[in-house]
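The values are calculated or read from the model by the stated rules, or taken from the named source; none is laboratory data. Just so you know, these numbers come straight off a predicted model, no measurement behind them. Cβ atoms come from the backbone with ideal geometry, glycine included; neighbour counts cover every protein chain shown.
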Amino acid sequence: MIFQDRSEAGKALAAALAAKEYDSPVILALPRGGVPVAIEVSRALKAPMDLIMVRKIGAPGQPELAVAAVVNGDDPQIVVNEAIARSFRLSRAEIEEMSKPRLGEIWRRRELYLKGRRRLLLEGRTVIVIDDGIATGATVRASLSAVRARGPAKLVLAVPIAAPDVAQELADEVDEFICLHRPTPFGAIGRFYADFPQTPDSEVIAALDEAETVAEDALDNAQINRPRTLHD
């Protein structure tokens with residue numbers, strides 16, 4: 001065990017990210033477990049937060065083993081773990097078929113969580129992608145691919161813990177990778193948290209509501225405290 005819970009992990013991650021002094025960052029959380037971590041970062045950096053709606057595609061008979069992951073959008077993106085797909089003899093067409101119910105769940109959760117909120121603008125911004133940990137990296141890879149397509153100026157991946165081999169691979173896919181711990185042997189993410197329950201939908205919604213307020217307050221303060229010009 002390294003962290004008491006996701007909130008403690010988020011505060012530790014927030015401290016590391018605050019030291020970077022990013023200019024006007026945007027936080028993107030992977031629901032649901034990444035949200036309690038990300039809201040701590042949002043509070044500390046006074047940054048807006050949005051969600052990356054991504055779903056793992058589990059291997060047949062082993063739902064926790066990610067054979068692929070799918071991210072929603074007008075053009076859904078599927079990122080496949082080729083080694084696992086080969087071991088289960090799954091073709092691309094079969095994986096695409098397996099993704100269909102996951103896409104349905106993504107849209108259901110989008111309606112539940114976002115309540116019609118507009119997506120945050122990422123183009124030209126520093127975007128920080130956050131989860132509660134990385135084991136196989138399938139969902140994170142899919143998320144990074146989708147975010148990169150939206151044109152951020154800088155893409156940062158930040159997590160409390162990650163499997164060392166996966167962390168090394170993912171570091172090449174982002175502009176900056178912040179990982180507090182890379183324990184070995186790794187196993188499941190939950191073994192590094194004393195308290196690791198499923199994050200309820202209500203907590204996700206409350207965190208998004210809070211982050212919206214945090215971002216609005218930060219914008220108001222910036223406008224109040226900005227230097228006056230001859231045009232004011």
Quiz prompt | Given (1) of a type in the set (A, V, I, L, M, F, W, C); (2) within 20 Å of A215 (Cβ to Cβ); (3) modelled with pLDDT of 95 or more; (4) surrounded by fewer than 21 Cβ atoms within 10 Å (Cβ to Cβ), number of the condition L155 does not satisfy | solution = (4)
Quiz item: Which condition number in (1) crowded, with 24+ Cβ neighbours inside 10 Å; (2) in a loop (DSSP other than H, G, I, E, B) is the one that R32 fails?
Solution: (1)
Exercise. Within the stretch 42-56, track down each residue that is part of a loop (DSSP other than H, G, I, E, B) and either under 17 Å from D23 (Cβ atoms) or among the basic types (K, R) (or both).
Key: K46, A47, P48
Practice problem: For residues that are over 12 Å from G133 (Cβ atoms), assigned to a strand (DSSP E or B) and touching a Pro at 6+ places or on another chain (Cβ under 9 Å), tally how many sit in the stretch 155-185. | Solution: 1
Practice problem: Could you list all residues from the stretch 173-189 that are over 17 Å from the mean Cα position of the chain (by Cα) and either surrounded by fewer than 16 Cβ atoms within 10 Å (Cβ to Cβ) or among the charged types (D, E, K, R) (or both)? | Solution: R182, P183, T184, P185, G187, A188
Exercise. Sort out which residues of the stretch 66-79 are touching a residue at least 40 places away in the same chain (Cβ under 8 Å), crowded, with 18+ Cβ neighbours inside 10 Å and not small (G, A, S), and write them in order of number.
Key: V67, V70, V71, I78, V79
Exercise. Find all pairs meeting these conditions: Cβ atoms under 6 angstrom apart; at least six residues apart or on different chains; first residue within the stretch 170-188 and in contact (Cβ under 8 Å) with a residue 24 or more places away in the chain; second residue of a type in the set (G, A, S) and part of a loop (DSSP other than H, G, I, E, B).
Key: L170/G137; F186/A163
Quiz item: Among (1) surrounded by fewer than 22 Cβ atoms within 10 Å (Cβ to Cβ); (2) closer than 20 Å to E210 by Cα, which single condition is I130 missing?
Solution: (1)
Exercise. For the stretch 17-44, enumerate the residues that are touching a residue at least 40 places away in the same chain (Cβ under 8 Å) and among the aliphatic types (A, V, I, L, M).
Key: L17, V26, I27, L28, A29, L30, V35, V37, A38, I39, V41
Quiz item: Only one residue in I178, I161 is in contact with a strand residue (DSSP E or B) (Cβ under 8 Å, 6 or more places away or on another chain), of a type in the set (A, V, I, L, M) and closer than 15 Å to R6 by Cβ. Which one?
Solution: I161
Quiz item: What are the residues in the stretch 186-208 that are part of a loop (DSSP other than H, G, I, E, B) and among the aromatic types (F, W, Y), if any?
Solution: F186, F196
